[in-house]
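J.: The structure follows.
The values are calculated or read from the model by the stated rules, or taken from the named source; none is laboratory data. What you see is a predicted model, and the numbers here were worked out from it, not measured in a lab. Every residue, glycine as well, gets a Cβ built from its backbone with ideal geometry; the counts of neighbours run over all protein chains shown. The area values use the complete protein model at the heavy-atom level, side chains included, leaving out ligands, DNA and RNA. Shrake-Rupley method; radii C 1.70, N 1.55, O 1.52, S 1.80 Å.
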Amino acid sequence: MGRPSSGPSAQKLALYDKLVATVPAVERKGATVPYTACNGHMFSYLSKSGTLALRLPEEAREPFLNKYKTTLCKQYGVIQKEYVEVLDALLKRTSELKEYFTLSYTYVRTLKPKTTSKKDSA
């Protein structure tokens, strides 16, 4: 048996995978904390508690927070200023959330690629 808090529920993971699949160029990574990244920049993740965080550009962040009555993401006591918390009800509406997921992906593609010390294993 695994530990009870070893990661998000299978249902949340399935919803996240369905969302990630809406952008074919994106691949989900991570086991305990599933995430997506591009050019070394993470742009979405599913926390251990099952909360989806989405990295949005500044001009989209405030409208998203107001529309969905949510907050910036907070992890380990730190507010992540570029990440919004996606409520469970919205996570279930893939077609509606896809617009923001795509926006998040497009945003990180504009950022300067990070150099990584790890080599990709083929």
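J.: Would you mind telling me the share, in percent, of accessible area of the chain contributed by carbon and sulfur at probe 1.4 angstrom? Don't skip to the end; give the middle numbers.
T.: Details: 4160 of 7850 Å².
The value for the chain is 53 percent carbon and sulfur by accessible area.
J.: Positive end of the charge dipole of region 1-111 (Lys, Arg +1 and Asp, Glu -1 on Cβ, about the Cα centre): tell me which of 75, 8, 25 has its Cα farthest that way.
T.: The one lying farthest along the dipole's positive direction is 8.
J.: Note down the magnitude of the dipole of the chain about its Cα centre, charges +1 on Lys and Arg C-beta and -1 on Asp and Glu C-beta and zero elsewhere, to the nearest 20 debye.
T.: Working: 20 positive and 11 negative charges, 64 e Å.
Approximately 300 debye in magnitude.
J.: Three principal axis extents, largest first, for the C-alpha atoms of region 52-103, in Å?
T.: Taking max minus min along each principal axis of the Cα atoms, region 52-103 gives 31, 23, 18 Å.
J.: Heavy-atom accessible area per residue, the chain, 1.4 Å probe: how many Å²?
T.: Values: 7850 Å² over 122 residues.
Averaged over the residues of the chain, the accessible area is 64 Å².
J.: Which shape class applies to region 21-77: rounded if a/c is under 1.5, otherwise prolate when a/b exceeds b/c and oblate if not, where a ≥ b ≥ c are the square roots of the Cα gyration tensor eigenvalues?
T.: Working: a/c = 1.96, a/b = 1.30, b/c = 1.50.
Since a/c reaches 1.5 but b/c is at least a/b, the shape of region 21-77 is classed as oblate.
J.: So what's the back-of-envelope 222 nm ellipticity for the chain, counting only DSSP H runs of four-plus at -39500 (n - 2.57) apiece and dividing by all residues, rounded to 500?
T.: That calculation yields -10000 deg cm²/dmol at 222 nm.
J.: Then there is this: As a quick test, which of the pairs 18/112; 67/92; 48/81; 74/112 have an alpha carbon distance above 22 angstrom in this structure?
T.: Details: 18/112 28 Å; 67/92 16 Å; 48/81 19 Å; 74/112 25 Å.
Where the Cα-Cα span goes over 22 Å, the pairs concerned are 18/112; 74/112.
J.: Please identify the chymotrypsin sites (Phe, Trp or Tyr not before Pro) of region 34-79 that satisfy two criteria: DSSP loop assignment and at most 11 other Cβ atoms within 10 Å. Which are they?
T.: On the way: sites: 35, 43, 45, 64, 68, 76; in loops: 68, 76.
Qualifying residues, ordered by number: 76.
J.: In 5 Å bins starting at zero, report the fraction of Cα pairs in the chain per bin as a rounded %.
T.: Histogram of Cα-Cα distances, whole percents per bin: 2, 10, 22, 24, 21, 13, 6, 2, 0.
J.: Full extension from residue 99 to residue 71: what is 0.36 nm times the residue separation minus their Cα-Cα distance, to one decimal in nm? Each step should come with its number before you reach the end.
T.: On the way: separation 28, 0.36 × 28 = 10.08 nm, distance 1.85 nm.
Between residue 99 and residue 71, full extension yields an extra 8.2 nm.
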